[in-house]
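The block underneath contains the structure these notes are about, expressed in structure tokens.
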Amino acid sequence: MYENLTIKELPNSELEIGAEIPLKQVEKYQQEVLKKINARVEIPGFRKGHTPDATLIRHVGEAQVMEEVAETAFSDSFRQIVLDKQLDIIGRPEVTITKLAPGNPIGFKIITALFPRFELPDYKTLAGQARAERKEVSVEVTEAEVQETLRHFRLPAGEAGGPAVPGKEFEKVKEPEPLTEETVKKFGFNSLADFKGRIKEDLKKQKERRAAEEKRGALVEKIIAATIVPLPRVVVESELEKMLNQFKADIERRGMKLPDYLEKIKKTEEDLRREWRPDAEKRGKLQFILHAIAKQENIRPSETNIEQELAHLLEHQKDADPLRARLYIEQMLTNEAVFKFLESQK
């Protein structure tokens, strides 16, 4: 399916692959392509699917036929090279057709990313050190914090009084109604004490979550700093794209469009990508590190957990692709299991 194969290692876990598809194979693919074109193209004077090859080529153009031949032939040849050379490919390859002419082999060059090879540090010791360096923080909620939160729950003035009188709306501005035993019932609580208790509980959970995130962040920084991962460009670009899409969604939730926001802050998308690149590199490295630790420690979520989370996700996102959703859930649960394993190290 291919000949004259050359493979050259490039920096950052990338490969340059060159090869040719022999003329005999090209002719075989051309017959397959012409058959497909014949089935979809109607030419006056011929029944659909029964147009002679020479007429069909003149009608659609030889360049169009050769492009379709190259696309089909390349796809099969690249798949075979990956299998034959046992390449651990990630991402979509960059393809350049180097030779494409009737009656000749098809030449191509590929730049593709490989799953990076790297050495894990002593992650158990590093995790234990990170845990020892982070003192346990006592999470307490003060009365002042509760009162500050209560201020945001006061009913707006429009709800405090009776119906508006035409022509009198701006005669007097009412103050927000203070919270009382009666007003908290409008929020579904039995009493003011019950309402304050729930607020205190929620504030405590927020603080505990923030403390856990900070602790995990310190662990991540320590392990990333001790690991050299030759990161492929495609991984960094993929992370930047995710970050940009998330940022765009956040901006739109605030009622703005990304171009308008960028104009307001006097920046471009490229400026953001440049600023975010160090974080994108960290995110990419972290994913490879977590994957390697999971493999080494044989950490994998149970099929039951995967199915439960998948069902929950698909219930709320009806248009989600089930296969991609499953891969996402599996990765998310595996990452969480690896973090819990690391956080348990003494």
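The values are calculated or read from the model by the stated rules, or taken from the named source; none is laboratory data. Keep in mind it's a predicted model, so treat the numbers as computed, not measured. No Cβ is skipped: glycine too gets one built from the backbone with ideal geometry, and neighbour counts run over all protein chains shown.
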So in the stretch 1-31, with the set limited to residues that are surrounded by 14 or more Cβ atoms within 10 Å (Cβ to Cβ) and acidic (Asp, Glu), which one is farthest from Phe118 (Cα to Cα)? Glu20
Of (1) among the acidic types (Asp, Glu); (2) surrounded by 12 or more Cβ atoms within 10 Å (Cβ to Cβ); (3) over 29 Å from Ala337 (Cβ atoms), Glu270 satisfies all except one. Which? (2)
Selection status of Glu263, under 30 Å from Ser13 (Cα atoms) and over 14 Å from the mean Cα position of the chain (by Cα): no
Looking at the stretch 277-294, can you tell me whether even one residue there is among the β-branched types (Val, Ile, Thr) and either touching a residue at least 60 places away in the same chain (Cβ under 8 Å) or surrounded by 16 or more Cβ atoms within 10 Å (Cβ to Cβ) (or both)? yes
Among Lys99, Lys48, Lys109, which is the only one that is over 24 Å from Ala294 (Cβ atoms) and modelled with pLDDT under 90? Lys48
By residue number, the members of the stretch 94-142 that are charged (D, E, K, R) and either crowded, with 17+ Cβ neighbours inside 10 Å or more than 27 Å from the chain's Cα centre (by Cα) (or both) are Lys99, Lys109, Asp122, Lys124, Arg131, Glu133, Arg134, Lys135, Glu136, Glu140
Within the stretch 137-147, does at least one residue satisfy the condition of being more than 30 Å from Phe189 (Cβ to Cβ), out of contact with any Cys (no Cβ under 7 Å at 6 or more places or on another chain) and assigned to a loop (DSSP other than H, G, I, E, B)? no
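Is it the case that the stretch 40-51 has a residue that's at positive phi and free of Cβ contacts under 8 Å to residues at least 40 places away in the same chain?
Residues of the stretch 40-51 that are at positive phi, as a first pass: 45, 49.
Within this subset, residues satisfying the condition of being free of Cβ contacts under 8 Å to residues at least 40 places away in the same chain are 45, 49.
Checked against the condition, which is being at positive phi and free of Cβ contacts under 8 Å to residues at least 40 places away in the same chain, the stretch 40-51 yields at least one hit.
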In the list Lys248, Lys282, which residue meets the criterion of being touching a helix residue (DSSP H, G or I) at 6+ places or on another chain (Cβ under 7 Å) and closer than 25 Å to Phe115 by Cα? Lys282
What number of residues in the stretch 234-265 are over 15 Å from Pro278 (Cα atoms) and either in contact (Cβ under 8 Å) with a residue 12 or more places away in the chain or not acidic (Asp, Glu) (or both)? 17
So, in the stretch 32-59, of the ones that are among the hydrophobic types (A, V, I, L, M, F, W, C) and buried (at least 17 other Cβ atoms within 10 Å of the Cβ), which residue ends up farthest from Ile7 (Cα to Cα)? Leu56
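Filter the stretch 295-336 down to the residues that are part of a loop (DSSP other than H, G, I, E, B) and touching a residue at least 40 places away in the same chain (Cβ under 8 Å), then identify the one that is surrounded by the most Cβ atoms within 10 Å (Cβ to Cβ).
Ile299
In this structure, is Glu71 under 15 Å from Glu27 (Cα atoms) and among the acidic types (Asp, Glu)?
Working: under 15 Å from Glu27 (Cα atoms): yes; among the acidic types (Asp, Glu): yes.
Yes, satisfied.
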Picked from the stretch 174-185 (must be surrounded by fewer than 12 Cβ atoms within 10 Å (Cβ to Cβ) and not acidic (Asp, Glu)), the residue modelled with the lowest pLDDT is Lys174
Here are the criteria: (1) at pLDDT below 95; (2) surrounded by fewer than 12 Cβ atoms within 10 Å (Cβ to Cβ). Tell me which single one Ile199 does not satisfy. (2)
